[in-house]
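Trainee: I'd like to ask you about the structure that follows.
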Amino acid sequence: MKIPVYMDNLATTPVDPRVLEAMLPYFSEKFGNAASRNHAFGWEAEAAVDEAREQIAQLIHAASAREVIFTGGATESDNLAIKGVAEAYKEKGNHIITCVTEHRAVLDSCKALERKGCQVTYLRVNPFGLVDVGQLRQALTDKTILISIMAANNEIGTIQPVQEIGRVAKEKGVIFHCDATQGVGKIPMDVEEMGIDLLSMSAHKIYGPKGVGALYVRSKRPKVRLHPIIDGGGHERGMRSGTLNVPGIVGLGKACQIAQQELPEEAARLTELRERLKDGILRQLDEVYINGHPTERLPGNLNVSFAYVEGESLMMGLKEIALSSGSACTSTSLEPSYVLRALGVREDLAHTAIRFGVGRFNTDEEVDYAIQRVKEEVTRLRQLSPLYGLAKADLRGRQQGELKAQDRVS
Ligand SMILES: *Cc1c(COP(=O)(O)O)cnc(C)c1O
């Protein structure tokens, strides 16, 4: 076992060796520009891009590979989907519905649109992180042009009722964008069955390279129109200009192909590892709280709060394991995660939340090591905590009190 152990696979993943192997020729001998129509170098690159489009389309069950647009990652895909729809449909309406626990790429795109006169409804979530489809229905107005709800949350792993949301969107003739960056390749995603019109994804969350992603854009029933954010040579059917990142795209395609072949097995294995981690921690420690949904959650995600420890000290003490505190995206600030706050997690518990992201290359041995280290570190910090000592003394006192009371009754 190599130390440090990487267990932050929801922040990013290592490139799968099979993905790297597929990419390598496109840096060297197959270096052509996919937009070069006049020679074999261009045709070769274009063929590779087309194959990747096909691999992605198959994984998400798109009717046609032409519906896949390449981008520089899911942040760009989210921006293009939300801002692109807002601009293209501004004659129809200016109202967008999203959710408070979405990724910053979605929330900040919505915030930018609010400054330009759009109305945005931010749906709240229940204590498990789920949106209420009834509330979604009520939020719709005749000015609603877009619903943007993610497939699975990057911090707490909660999986949203995507198919029901898609059904509501279809009923009302509203476009449905789904940030499926954490869902694709980890849980079954089917744009037809789920009624998804726009779907964001990213290669580096599924064992592909960083800086490349895709946006699925439905072309039939309905044909979704998008206003581009990047103007230029008219690549990607005019929706995203710029010379294509051929090696990156080949890597994304290969990552999708592997994910599709291995999804059922991998999801089962990661769920097992996640449960082993959870049960191990719960067996060794008291005052531990699981954040997110007990069952509707990503296979490799575990988010736990430890009462009576200081979050920063805990992370510092666990340097042999690469983990995220609360959220990868807010870990630069001392603010607790907005996602945990939206669930109603107590402030002190939000501060001590740790996100484990178990992935393809983690082993049983690494999970057992993580359990052991977490147990040692939490125990050590609690021994230094006067509050924990008091709470334990109080608990013992109450238990003894109850025993005495029982004596009196009997
Ligand atoms: C990582 C992530 C993004 C951003 O993807 P990048 O490719 O890193 O820009 C967006 N949404 C979700 C849910 C994510 O997990």
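The values are calculated or read from the model by the stated rules, or taken from the named source; none is laboratory data. Remember, predicted model here, so these are calculated numbers, not experimental data. Reconstructed Cβ throughout: ideal geometry from the backbone, glycine too, with neighbour counts over all protein chains shown. Just so you know, the surface numbers come from the protein's heavy atoms only, side chains and all, with ligands and any DNA or RNA stripped out. Shrake-Rupley method; radii C 1.70, N 1.55, O 1.52, S 1.80 Å.
Trainee: Filter the range 214-224 down to residues that are open to solvent by less than 10 Å² (accessible area, probe 1.4 Å) and either free of Cβ contacts under 8 Å to residues at least 60 places away in the same chain or farther than 16 Å from residue 148 by Cβ (or both), then give me how many there are.
Mentor: Of the residues in that region, 1 qualify.
Residue by residue, here is whether (1) assigned to a helix (DSSP H, G or I); (2) out of contact with any Lys or Arg (no Cβ under 7 Å at 6 or more places or on another chain) holds:
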{"residue": "113", "(1), (2)": "yes, no"}
{"residue": "122", "(1), (2)": "no, yes"}
{"residue": "125", "(1), (2)": "no, yes"}
{"residue": "130", "(1), (2)": "no, yes"}
{"residue": "137", "(1), (2)": "yes, yes"}
{"residue": "141", "(1), (2)": "no, yes"}
{"residue": "147", "(1), (2)": "no, yes"}
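Trainee: Is it the case that the range 87-100 has a residue that's more than 16 Å from the ligand (Cβ to nearest atom) and of a type in the set (Ser, Thr, Tyr)?
Mentor: Within the range 87-100, one or more residues are more than 16 Å from the ligand (Cβ to nearest atom) and of a type in the set (Ser, Thr, Tyr).
Trainee: Exactly one condition in (1) among the hydroxyl-bearing types (Ser, Thr, Tyr); (2) open to solvent by less than 10 Å² (accessible area, probe 1.4 Å); (3) within 16 Å of the ligand (Cβ to nearest atom) is not met by residue 144; state its number.
Mentor: Residue 144 satisfies all of (1) among the hydroxyl-bearing types (Ser, Thr, Tyr); (2) open to solvent by less than 10 Å² (accessible area, probe 1.4 Å); (3) within 16 Å of the ligand (Cβ to nearest atom) except (3).
Trainee: If you don't mind, another one. Could you pull out the residue among 248, 292 that is within 16 Å of the ligand (Cβ to nearest atom) and closer than 18 Å to residue 156 by Cβ?
Mentor: One residue alone meets the criteria, 292.
Trainee: In the range 195-207, how many are more than 10 Å from the ligand (Cβ to nearest atom), buried (at least 24 other Cβ atoms within 10 Å of the Cβ) and not hydroxyl-bearing (Ser, Thr, Tyr)?
Mentor: 5
Condition check ((1) more than 16 Å from the ligand (Cβ to nearest atom); (2) at pLDDT below 95; (3) over 30 Å from residue 198 (Cβ atoms)) across all residues:
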position: 4; (1), (2), (3): yes, no, yes
position: 13; (1), (2), (3): no, no, no
position: 20; (1), (2), (3): yes, no, no
position: 24; (1), (2), (3): yes, no, yes
position: 27; (1), (2), (3): yes, no, yes
position: 31; (1), (2), (3): yes, no, yes
position: 49; (1), (2), (3): yes, no, no
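Trainee: When the range 225-258 is examined, which residues are found to be of a type in the set (Gly, Ala, Ser) and surrounded by fewer than 22 Cβ atoms within 10 Å (Cβ to Cβ)?
Mentor: 232, 233, 234, 238, 241, 242
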